[in-house]
């Protein structure tokens with residue numbers, strides 16, 4: 001079958017502003033080279049259904065589902081959390097654009113990830129962006145009506161460079177939630193000293209958000225200005241030492257607010273460099289800086305000896 005439509009969206013990493021981005025802090029976000037693709041095919045025989053297939057980076061189909069296209073109602077598999085979440089997304093798109101139901105009729109939709117699902121680079125956000133494009137709806141409105149979140153990952157999905165991002169907070173059901181998104185020329189001269197290390201499991205973003213929202217609102221709001229200032233400064237750093245100092249300041253502010261230990265304090269207290277969480281704390285990726293004396297082999301060995309074998313240089317991960 002030849003695809004009727006093919007589209008691609010980038011994954012994401014949040015360098016600064018995790019959690020605080022929900023309260024309007026300015027954040028520095030990085031689109032990744034790897035992402036997710038959506039291809040739409042016509043059924044080979046007349047069919048009123050939407051057939052959905054999701055593939056991982058190795059070509060394995062991890063979700064095979066059938067929907068009644070007109071109402072985006074899940075037909076099978078029953079009691080499958082991934083299929084149920086997809087139904088919710090498609091139905092949210094249908095509410096935003098009732099004509100989307102007709103567009104789903106007789107379609108085979110295939111998504112393919114370019115990264116392991118456990119990495120947490122945005123399998124959900126890239127999907128939201130892809131479905132929004134197909135349905136002809138605002139991706140931020142679709143996110144708000146489905147999975148929820150700050151939206152920085154939606155901005156990264158179509159970005160071509162790192163961005164400064166600030167969530168829209170002054171909208172209601174009659175307006176579109178368009179945030180502030182500013183592409184920046186973030187190309188630090190010390191990029192070859194930056195590495196991304198996976199902590200071995202995928203953090204649940206919704207649980208992390210729920211934990212953050214239980215914190216006193218006044219305390220949460222009190223850190224917004226400082227986090228925003230750090231985001232601006234990070235985007236302009238020309239020296240690794242200044243960059244590392246800002247990362248440590250950011251970690252301490254969030255650690256005190258969340259009442260959680262930093263990733264460096266928890267896992268890498270003896271590391272000769274700076275480690276910063278990226279996104280929800282406790283999982284997914286961290287950023288590690290390396291001293292000029294350490295080559296990639298030494299850096300990789302340090303983390304591998306502590307059970308963290310996935311390490312990617314900045315240039316391999318970020319656009």
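Quick test for you: out of 209, 154, pick the one residue that is surrounded by 13 or more Cβ atoms within 10 Å (Cβ to Cβ), assigned by TED's automatic domain parsing to the domain that holds residue 308 and in a helix (DSSP H, G or I). Can you show your working first?
Details: 154 fails: assigned by TED's automatic domain parsing to the domain that holds residue 308.
Of 209, 154, the one residue that is surrounded by 13 or more Cβ atoms within 10 Å (Cβ to Cβ), assigned by TED's automatic domain parsing to the domain that holds residue 308 and in a helix (DSSP H, G or I) is 209.
Residue by residue through region 253-272, note down the ones that are under 19 Å from residue 307 (Cβ atoms) and in contact (Cβ under 8 Å) with a residue 40 or more places away in the chain. Matches in region 253-272: 263, 267. If I filter region 64-79 for residues that are surrounded by fewer than 20 Cβ atoms within 10 Å (Cβ to Cβ), touching a residue at least 24 places away in the same chain (Cβ under 8 Å) and within 28 Å of residue 203 (Cα to Cα), do I get at least one hit? No, the conditions are met nowhere in region 64-79. Exactly one residue among 85, 72 is at pLDDT 95 or above and over 19 Å from the mean Cα position of the chain (by Cα), and that residue is 72.
Looking at the structure I just gave you, is residue 262 at pLDDT 95 or above, under 18 Å from residue 201 (Cα atoms) and touching a helix residue (DSSP H, G or I) at 6+ places or on another chain (Cβ under 9 Å)?
So residue 262 fits the description; yes.
Every listed requirement among (1) surrounded by fewer than 18 Cβ atoms within 10 Å (Cβ to Cβ); (2) out of contact with any helix residue (DSSP H, G or I) (no Cβ under 8 Å at 6 or more places or on another chain); (3) closer than 30 Å to residue 299 by Cβ is met by residue 162 save one, (1). Is it the case, given these coordinates, that residue 250 is under 25 Å from residue 119 (Cα atoms) and surrounded by 19 or more Cβ atoms within 10 Å (Cβ to Cβ)? So residue 250 fits the description; yes.
I'd like to verify a number: residues in region 35-51 that are within 10 Å of residue 110 (Cα to Cα) and touching a helix residue (DSSP H, G or I) at 6+ places or on another chain (Cβ under 6 Å), how many? If you could, list the steps in order and put the result at the bottom.
Within region 35-51, the first condition is being within 10 Å of residue 110 (Cα to Cα), and the residues that meet it are 37-41, 51.
Then keep just the ones that are touching a helix residue (DSSP H, G or I) at 6+ places or on another chain (Cβ under 6 Å); that gives 38.
Qualifying residue count for the region: 1.
Looking at residue 221, is it exposed (fewer than 14 other Cβ atoms within 10 Å of the Cβ), in contact (Cβ under 8 Å) with a residue 24 or more places away in the chain, in a helix (DSSP H, G or I) and assigned by TED's automatic domain parsing to the domain that holds residue 292? Criteria met by residue 221. Within region 16-62, if we keep just the residues that are in contact (Cβ under 8 Å) with a residue 60 or more places away in the chain, touching a strand residue (DSSP E or B) at 6+ places or on another chain (Cβ under 7 Å) and part of a loop (DSSP other than H, G, I, E, B), the residue that is farthest from residue 208 (Cα to Cα) turns out to be 43. For residue 178, indicate whether it is surrounded by 17 or more Cβ atoms within 10 Å (Cβ to Cβ) and over 23 Å from residue 276 (Cβ atoms). So residue 178 fails the test.
Do we find a residue being surrounded by fewer than 22 Cβ atoms within 10 Å (Cβ to Cβ) and either under 25 Å from residue 164 (Cβ atoms) or not assigned by TED's automatic domain parsing to the domain that holds residue 27 (or both) anywhere in region 125-135? Full working, then the answer.
So in region 125-135, the residues surrounded by fewer than 22 Cβ atoms within 10 Å (Cβ to Cβ) come out as 133-134.
This time we only want the ones that are either under 25 Å from residue 164 (Cβ atoms) or not assigned by TED's automatic domain parsing to the domain that holds residue 27 (or both), so: 133.
Yes: region 125-135 contains one or more residues that are surrounded by fewer than 22 Cβ atoms within 10 Å (Cβ to Cβ) and either under 25 Å from residue 164 (Cβ atoms) or not assigned by TED's automatic domain parsing to the domain that holds residue 27 (or both).
The values are calculated or read from the model by the stated rules, or taken from the named source; none is laboratory data. All values reported here derive from a predicted model rather than from experimental measurement. Cβ sites come from the backbone with ideal geometry, for glycine too, and all protein chains shown count toward neighbours.
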